[in-house]
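The values are calculated or read from the model by the stated rules, or taken from the named source; none is laboratory data. Computed from a predicted structure; not experimentally measured. Reconstructed Cβ throughout: ideal geometry from the backbone, glycine too, with neighbour counts over all protein chains shown. These accessible areas exclude ligands, DNA and RNA; they are computed on the full protein's heavy atoms, side chains included. Shrake-Rupley method; radii C 1.70, N 1.55, O 1.52, S 1.80 Å.
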There are 4 protein chains.
Amino acid sequence: MSSDNNTTDTTLVALLHGHDQPGLVAKTSGWIYENGGNILHADQHRDMQAEIFFQRIEWTATAKGLASDGSLFRRFAESLGMNVHVADASHRTRVAIFVSKFDHCFHDLVLRWKSGDYPCDIIAVVSNHRDLEPAAKGYGLPYYHIPVTAGAKAAAESAQLDLMAKLGVELVIMARYMQVLSADFLGKAAFPVINIHHSFLPAFAGGKPYHQAHTRGVKLIGATAHYATPVLDDGPIIQQDVARVTHRHSVGDLIRKGRDLEKIVLAQAVRWHLDHRVLIYGNKTVVFD
Amino acid sequence: MSSDNNTTDTTLVALLHGHDQPGLVAKTSGWIYENGGNILHADQHRDMQAEIFFQRIEWTATAKGLASDGSLFRRFAESLGMNVHVADASHRTRVAIFVSKFDHCFHDLVLRWKSGDYPCDIIAVVSNHRDLEPAAKGYGLPYYHIPVTAGAKAAAESAQLDLMAKLGVELVIMARYMQVLSADFLGKAAFPVINIHHSFLPAFAGGKPYHQAHTRGVKLIGATAHYATPVLDDGPIIQQDVARVTHRHSVGDLIRKGRDLEKIVLAQAVRWHLDHRVLIYGNKTVVFD
Amino acid sequence: MSSDNNTTDTTLVALLHGHDQPGLVAKTSGWIYENGGNILHADQHRDMQAEIFFQRIEWTATAKGLASDGSLFRRFAESLGMNVHVADASHRTRVAIFVSKFDHCFHDLVLRWKSGDYPCDIIAVVSNHRDLEPAAKGYGLPYYHIPVTAGAKAAAESAQLDLMAKLGVELVIMARYMQVLSADFLGKAAFPVINIHHSFLPAFAGGKPYHQAHTRGVKLIGATAHYATPVLDDGPIIQQDVARVTHRHSVGDLIRKGRDLEKIVLAQAVRWHLDHRVLIYGNKTVVFD
Amino acid sequence: MSSDNNTTDTTLVALLHGHDQPGLVAKTSGWIYENGGNILHADQHRDMQAEIFFQRIEWTATAKGLASDGSLFRRFAESLGMNVHVADASHRTRVAIFVSKFDHCFHDLVLRWKSGDYPCDIIAVVSNHRDLEPAAKGYGLPYYHIPVTAGAKAAAESAQLDLMAKLGVELVIMARYMQVLSADFLGKAAFPVINIHHSFLPAFAGGKPYHQAHTRGVKLIGATAHYATPVLDDGPIIQQDVARVTHRHSVGDLIRKGRDLEKIVLAQAVRWHLDHRVLIYGNKTVVFD
C-alpha cells in the first residue's frame, strides 16, 4: 500500500468507481500530476445506464511527492465520492493454492510463476489429499494437508482460515480444488478466492459439467474463472473461453480438451487479478486489460 | 429419393445408424461397389459406450445399376438392422423461411442462396408481420402474411401447416421468427424446423438472452442453431459459436455483435442440413462435416 | 470540424499522438473540463520504447463553451506538441464503395448501413464493371461505371479522382474491387482508402491468396482490412481474422469460407474508422476499441 | 508393426494413399472383415482434382486372424497400388526431445506425457545447453548435453544422429530447440522431426518472428507445428493457431502470449502424430482427427 519515506520511485495502481459526474478524469489525473506523479496508464469506463464511473489509473512518483502516498490519493478519491482501492505495484501478493488430486492447473500456475510471469509469492499449497505433496515439495513449496471428512468440514475450514491468517494470505486460488467452500468460510475470508469452473457458466453449473455437456450435445465446451461467492458457481466472472467439440469426442475427450481451457482461463484471470486489473462491481467484473 | 430410369448418373447420400456389429463398413461399401456404385465419401462414427454405429455414405451410380436405386439400398441397410435415410443429391430441398421483423438472417440466407451456395429452392417467406414484404418481393420471393394474434395462435398455425402442405415444404427455417411454434404444430409438421437461438444454449434459454447475458456479466456471447422440438430451446444442437465481449459492451452492443453470430451459425446449420450431413440421434446430432 | 454558434450540445472526438511527457492526461482532460466539456471516453496508450503518447478522447459540450470548438482544442493540443485530428461525432462521413463483380462485401456493407449501424452516407458505388448496377440501384444508390481498360488505367483513375472530388468523398472502401490503385492515385487522394485482402497478411500478399494458401497447406485462412498505400498489401493493418480449414477443403471451399471472413473483417474496420477509433502511426494502427 | 503369435487382440492402424479408383473403400474394409478384423474407425478423403485417395483405417483382430498381421494388410494394400504404413496401436513410440534454454514447451510435453496423455516413451532429452538438465533429471529423464559450437555443428549433428540410432529413436520433437537442423542431418535421419515455429507460417519465417510481427503491426500472432525439412520453416504443416493482440502489447507481451500458443499447437501436433493421424503427402498433411 505504498510510500516508504525513501528516495526510490513508487508505482501505484488505483481502482475506483462511483456515481458519474463531470470532470472526474480531469480531477484524478490533475491531482496526481500536481502532486508529482507521472501517469503511466489511465483507463476509464462509464456505465451509461447505471451512471457509474470506473477507472484504473497507474502512476509513478518520486518518494517525496504526495502522489507517492497511496493513502493520500485514496482520501482524495473518496472526497469525490468514489470507492477506491490503491495498491503498490511492487508489492508481491501472498498467494495460497488449494488443490485436490488434479494437477494440471497446479503445475501450470507454478511454472508460470517460476518463469517470472506472476508478481506474487506462492507461500502455501493446501490440499485435502496427499497426492500432490511430492510435486509441491519438488517445487520447494510448503504443503499443508488438511483433510476434509464427512461431518468435519467446518473444522477443516476453520483450520484453513487459521492457516491463511497466520500466513498473511492475500489471494486463494482454487486450482481444481474439489470441495465447495462454504458461505461461512467465504464470509470470514479476508481475501478474495478465484475458482476455475470447467464449463461455460451459467451453462452446466454444479457437478460433472463435462458429462452434462456431453449429454446435451453442445458443440463447444468452456471454462470460467470467477470469484467464489456463497452461491455456487455464481460469482463475478473474470474470464471465459471455449473449444470446439464434435460427436467424435467422448466424455473423456472433453475432460482432456477441457484441461487446456481450464489452465489458460485460470492463468489469465490470476494474471489480471495480480496486476490489479479486475474491479468487482455488483456481481460482475470490469477487467481493464 | 432417386432413380429415374434414364441414363445419367445419380448421386445418392445415405445417413444410417443402428446397433453396432462387426463388418458394417465392409457390408455397406461392398453392396454399393458390387451393385455398380462409386463411393465418393464415407464417414463413420461409433459411439463406443452406447454401441451405436453411424454412417454417412455418398456415391454415384449409372442409371442402370442397382446402386442407383435409393430404395434398394435402404432395404439392404434395413436388413442389417439400420435406420436409414437416402436422398438424391441433385434434389433441391423445398424451403420456407419464417420471419418477423428482424431482417439480418433473412437477407443473409437469401443472398447465400442467390449466390448459388445452397442446393435448395426458397419457395415461401412466411411472416406474422408485413415489414419484410418489400424485401422479399425485391428478391422475387412469394410472401405470405399470416398474423398471429392473441388467442388465435392455433388458427394461425393451422394456416401455416396448410400452406406448408400445399407448397410441399421440406424444411422450415426460423430466421429470428419471434413466435414459439407450439408442440401441436411441431407434432403435425411433416418437415424439420431449424431455429436460431441468440445465446450459447443451454445458457440463457427463453426470452431476451442478450439481456440475460449482460446481467450475468459473461465474457462471451453465443448463438445456437438447433432443430425445434416441443421443449423450448432444447432441441438437438446443430451448430454453435461465440464472440468475445467486455464490460465496454452495452446490451445494444451485444445485440449488434450477436447478429453476426446468428447469421453465420444459422447459415452453417442450414448448409449442413441441405447437404444431408446432419443425423439426429436422441436429442443430439452427428454432423458429418 | 464542429462548433456552430447554436445552443445544442456538440460531441467531439480527438485522436492525438506525439512525444510523451508528464502530465498529458491531466492537461488534455483539464482543458476540456475547464472549458465546459464533459469527457465521455478517454483512452490512452504509451509506446514505452518509442516514447510516444496516443490518446482518443471524446466529450460533449454545450454550444457556448470553448470546448465545443474543435479548432480551439486542436490548437491547444498542438501547443503541447501533439499531432491531432478532431471530428464532430454527428458528422456523417461521405463514403464511396468501389466494387468489381464480387458482391458479398458490397451487400454486407450496404445492409449494415441500411440497418443504421454506420454513421455515414454512402453516396456512390463505383465499378469497372456493370454487374452490380442493378443491385446498387435496388438499394437506391448512385452507380458510376468507370471501365479500366488495358493501357487506359491512368485515365480511369483520373476520372475516379474527379468524381470523388466532385462528390466530396471522405472515405473510399474497396469492397473486393479487383484493380490495384496506383501510387499516383493514392498520392493524389484527399481521403483514406480501406481495402480488404483475402489472406492473413503478410502471408499470401498479391494475387490468388486462397490458391496460395491451399498450395501451402495452411490450417487456417485469413482476411485483412488495411489502409491502402503505394506498396501493395503493405498498408497499416486495421483488423484481421482467421477460420480453420482442413485437407477436406478445396480451393472453392476456401473461397466460400473466406467470404464470411472478408465481410466481417471489413465491416469491423469500417465501423472503427467511422467512429474515429483508428489512429495511423507509421505503418501501423492504434485501434481504440 | 504387430502380430505376435499370441492369443490377445491386436489393434492396427493403417495410413494409405494412392491413385483413386472405384471400390477402394469396399476392398480395404472387405479384406479386413473377411480376415477376422473389426474396423473401429475408417476415414477417407479424396483429392478430387489430383485424383488421390487417402485413408486411415483402424481395426482390432484376434491373434489368429490374418487381419492381425500388419505386413499382410500392407501387401494387400500395395497390390491395390497404394502407399501404405501400418502401425501397431499398442506400440509406444520412442521419442527424443531437443531443447535449448526455453522450457515452456518442454514442461508442457513432459507433464502431458506423465499424466498418461501420450502413447510414447520419452527416452532422451538432448540439448546444446545445460540449463534444463536439472528439470529433466527431476522428471527422471536422461539428459544428453551435446554443445553446438561455431564451426563444429557437423560434429554435433553427427553425435546427435549416433545417439538417436543407438537409442532407437522414432520421433524427434524440437521443443523450441534454437538450432537449425541441417539438410544433411534431416537427410540422414531415420525418423521424422516435428518443429514448433513461433509464427503463423508462411508469415514471419526465420528468426525473431515476434519482433517481425510487432514491426508489421499484425492483429493476430500465431504458432505453427510442422515437420522439419531441408528448407527452413517450409515443411508440411500439422497444426496452427492464433491469438489476438493489440497495440497495447509490446514484443515482450507477444512472446509471453505466444508461449501458450506454442505449447498447445505443438502438443496437438505431437498427439496426432503419435496416434498415427498424420499422413504426409507432397509438402502438405492430411490430418485424420
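Run the numbers on chain A and let me know its relative contact order in percent, using alpha-carbon pairs under 8 Å that are six or more apart.
15
Just grab the label-to-label distance for B:ALA243 and D:HIS41, each label 7 Å out from Cα along the Cβ direction, in nm (one decimal).
Each label point is offset 7 Å from its Cα along the Cβ direction, giving 3.4 nm.
What's the local net charge at D:ASP233, with K and R +1, D and E -1, over the other residues with C-beta under 13 Å away?
Charge balance in the 13 Å sphere: +1.
Summarise the partner chain shielding of B:211-222 as one whole number: the mean count of Cβ atoms from other chains within 10 Å of each residue's Cβ.
5
So how much accessible area does A:LEU201 have, in Å² to the nearest 10, using a 1.4 Å probe?
The accessible area of A:LEU201 comes to roughly 0 Å².
Can you say what percent of the DSSP beta bridges in segment B:124-259, counting only those with both residues inside, are antiparallel? Round to 5.
Restricted to segment B:124-259, the bridges split so that about 65 percent are antiparallel.
Could you tell me the calculated FRET efficiency between B:MET48 and A:ILE52, based on Cβ-Cβ distance and R0 = 51 angstrom, to the nearest 0.05?
Working from the Cβ atoms, E equals 0.45.
Please work out whether segment A:1-117 counts as rounded, prolate or oblate from its C-alpha gyration tensor, where a ≥ b ≥ c are the square roots of the eigenvalues and a/c under 1.5 means rounded, while otherwise a/b larger than b/c means prolate and anything else oblate?
Oblate shape, in that a/c is at least 1.5 and b/c is the bigger or equal ratio.
How far is A:HIS19 from the same spot in each other copy, in nm, shortest first, if each label point sits 7 Å from Cα toward Cβ?
Taking the point 7 Å beyond Cα along Cα→Cβ, the inter-copy spacings are 4.5, 7.3, 8.5 nm.
Once you have a ≥ b ≥ c as the square roots of the Cα gyration tensor eigenvalues for segment C:14-57, tell me rounded if a/c is under 1.5, and otherwise prolate or oblate according to whether a/b is larger than b/c.
prolate
How big is the charge dipole of segment D:93-287 about its Cα centre, in debye rounded to the nearest 20, if each Lys and Arg gets +1 on its Cβ and each Asp and Glu gets -1 on its Cβ?
With Lys and Arg at +1 and Asp and Glu at -1, about 500 debye.
Just check segment A:82-196 against the gyration tensor rule for me: Cα atoms, a ≥ b ≥ c as the square roots of the eigenvalues, rounded for a/c under 1.5, and otherwise prolate or oblate depending on whether a/b exceeds b/c.
Oblate, since a/c reaches 1.5 and b/c is not below a/b.
How large are Rg and Dmax for segment D:32-75 when only the alpha carbon atoms are used, in Å?
12.6, 41
I'd like the mean, over residues of C:250-263, of how many other protein chain beta carbons sit within 10 Å of each residue's own Cβ.
Whole-number average of other-chain Cβ neighbours for C:250-263 is 2.
When the dipole is taken about the Cα centre of the protein assembly as shown, and only Lys, Arg (+1) and Asp, Glu (-1) are charged at their Cβ, what size is it in debye, to the nearest 20?
It works out to roughly 0 debye.
Which value, in debye to the nearest 20, gives the size of the charge dipole of segment B:1-103 about its Cα centre, when Lys and Arg are +1 and Asp and Glu are -1 at the Cβ?
About 200 debye.
Please calculate how many Å² of accessible area the protein assembly as shown carries per residue, with a 1.4 Å probe and no DNA, RNA or ligand atoms counted.
About 39 Å² of surface per residue is accessible.
Taking the axis about which chain B rotates onto chain A, which residue of B lies nearest it as judged by Cβ position, and how many whole Å separate them?
Nearest Cβ to the rotation axis, residue and whole-Å distance: B:ALA203, 2.
Quick one: the Cα spread of the protein assembly as shown along its three principal axes, in angstroms, biggest first?
88, 73, 70 Å, listed from the longest principal axis down.
How many percent of DSSP beta bridges within segment D:1-159 run antiparallel, rounded to 5?
70
So what are the three principal axis dimensions of segment A:93-287 from its Cα atoms, in whole Å, longest to shortest?
49, 37, 35
What aspartates and glutamates could a cross-link reach from C:LYS153, if we take a straight Cα to Cα line under 15 Å and drop same-chain neighbours fewer than 8 places away?
Straight-line reach from C:LYS153, under 15 Å: C:ASP162, C:ASP184.
For D:PHE76, what is the net charge nearby, where nearby means another residue's Cβ is under 14 Å from its Cβ and Lys, Arg count +1, Asp, Glu -1?
0
Apply 1/(1 + (r/R0)^6) to the Cβ-Cβ distance of B:SER71 and B:GLN21, taking R0 = 30 Å, and write down the FRET efficiency to the nearest 0.05.
Once the sixth-power term is evaluated, E becomes 0.85.
Where in chain B are the DSSP H helices whose alpha-carbon span along the long axis reaches 18 Å or more and whose Kyte-Doolittle mean is at least -1.0?
Qualifying helices, which must be both long enough and hydrophobic enough, are B:153-167, B:251-274.
What fraction, in whole percent, of alpha-carbon pairs in segment A:52-114 exceed 13 Å separation?
Result for the distance tail: 74 percent.
Beyond a 28 Å Cα-Cα separation, which of these cross-linked pairs lie in this structure: A:LYS219/D:LYS257; B:LYS137/B:LYS263; B:LYS219/D:LYS219; A:LYS64/C:LYS27; A:LYS263/D:LYS284?
From the list (A:LYS219/D:LYS257; B:LYS137/B:LYS263; B:LYS219/D:LYS219; A:LYS64/C:LYS27; A:LYS263/D:LYS284), the Cα-Cα distance tops 28 Å for A:LYS263/D:LYS284.
Place the peptides A:235-248, A:258-271, A:47-60, D:158-171 in order of packing, highest mean first, counting for every residue the other Cβ atoms within 10 Å and averaging per peptide.
Descending mean neighbour count gives A:258-271, A:235-248, A:47-60, D:158-171.
Of the beta bridges DSSP finds with both residues in the protein assembly as shown, what % are antiparallel, to the nearest 5?
If I count the DSSP bridges inside the protein assembly as shown, around 70 percent turn out antiparallel.
Compare the Cα positions of B:SER250, B:TRP272, B:THR229 along the charge dipole of segment B:228-273 (+1 at Cβ of Lys, Arg; -1 at Cβ of Asp, Glu; about the Cα centre) and return the one farthest towards the positive end.
It is B:SER250, whose Cα lies furthest towards the positive end.
Summing Lys, Arg as +1 and Asp, Glu as -1, what charge do residues with Cβ under 9 Å from the Cβ of A:ASN283 carry, A:ASN283 excluded?
So the environment of A:ASN283 carries a net charge of +1.
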